[in-house]
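What follows is one structure encoded as structure tokens, with my remarks underneath.
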Amino acid sequence: MIRIAPSILAADPLALGNDIERVVKAGCEWVHIDVMDGHFVPNLAYSPATVKAVAGRTGAIADTHLMMDNPEKYIGIFADAGAGVITIHEEAGGDTGAMLDMIRNRGILAGLSLKPATPAERALPYFGKADMILVMTVEPGFGGQKMNEKCIEKIRRLRELGWNGLIEADGGINEANLPALREAGLDVAVMGTAVFRDPDPATLIARISANQ
Ligand code: DX5
Ligand code: ZN
């Protein structure tokens with residue numbers, strides 16, 4: 001059963017609460033929150049205040065995707081804000097293993113993300129330390145891009161390498177390309193544009209859930 005984690009990057013910034021309420025009511029337990037620092041990626045996005053509001057007031061699990069340099073400085077802050085999942089990037093450098101430990105020590109799920117050009121093997125040293133691997137299916141930074149089909153192979157490769165934990169994919173996912181991702185071994189599909197720009201997100205979510 002694939003879990004859909006709607007990405008609020010594509011939600012209406014002036015109607016964020018309503019948009020989140022709609023997808024939670026439609027059955028989504030996770031809400032994906034992108035954090036961008038303008039350095040690791042050329043864009044800016046949500047802060048701990050948003051994570052706190054989502055975690056505290058919507059009943060959703062705040063699936064927090066840190067696209068930032070020096071994530072170790074912010075893991076504690078996002079955990080305090082109520083994040084249920086914190087994902088860091090392998091490419092951000094630093095002591096990735098220690099950061100995953102920091103996240104797990106807060107009693108929440110630790111995710112490790114790989115950009116499209118980063119091979120699955122780079123996650124191998126962290127198989128014992130992560131709960132989830134987030135396979136980026138576009139270059140991180142912006143919503144609304146087309147999925148890079150080559151990344152589907154990386155999901156399959158992670159399973160071949162023996163990864164038994166959760167696999168999440170993020171970027172350009174829609175109803176049409178979801179079956180191939182599921183077949184490769186996906187657990188969590190982040191969907192921004194496809195969900196929030198759909199005229200009827202609840203029906204879309206119900207249809208995807210029914211077709212699994
Ligand atoms: C991209 C972000 C994604 C983005 C996905 O860097 O990490 O979470 O919101 O948006 P869509 O589904 O529109 O590609
Ligand atoms: Zn994301």
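Every number here is computed from the coordinates shown, using simple stated rules; none is lab data. Computed from a prediction, not measured in an experiment: that's the story for all the values here. Cβ: placed from backbone, ideal geometry, glycine included. Neighbour counts: every protein chain shown.
Values as computed for the structure displayed
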| read-out | value |
| --- | --- |
| Test: E168 is acidic (D, E) and surrounded by fewer than 20 Cβ atoms within 10 Å (Cβ to Cβ) | no |
| Any hit, region 122-144, residues being surrounded by 22 or more Cβ atoms within 10 Å (Cβ to Cβ), of a type outside the set (G, A, S) and part of a loop (DSSP other than H, G, I, E, B) | yes |
| Count of residues meeting criterion [touching a residue at least 12 places away in the same chain (Cβ under 8 Å) and out of contact with any helix residue (DSSP H, G or I) (no Cβ under 9 Å at 6 or more places or on another chain)] in region 168-199 | 6 |
| Test result for E72, closer than 20 Å to A206 by Cα and among the acidic types (D, E) | no |
| Residue among G97, G93, G56, G111 that alone is more than 15 Å from ligand 2 (Cβ to nearest atom), within 27 Å of P13 (Cα to Cα) and not charged (D, E, K, R) | G56 |
| Selection count, region 185-195, where residues are farther than 12 Å from H32 by Cα and more than 8 Å from ligand 1 (Cβ to nearest atom) | 3 |
| Residue match in region 194-201 (condition: within 16 Å of ligand 2 (Cβ to nearest atom) and of a type in the set (A, V, I, L, M)) | yes |
| Neighbours by Cβ (under 7 Å, 6+ apart or cross-chain): first from region 125-149, free of Cβ contacts under 8 Å to residues at least 12 places away in the same chain; second within 11 Å of ligand 2 (Cβ to nearest atom) | none |
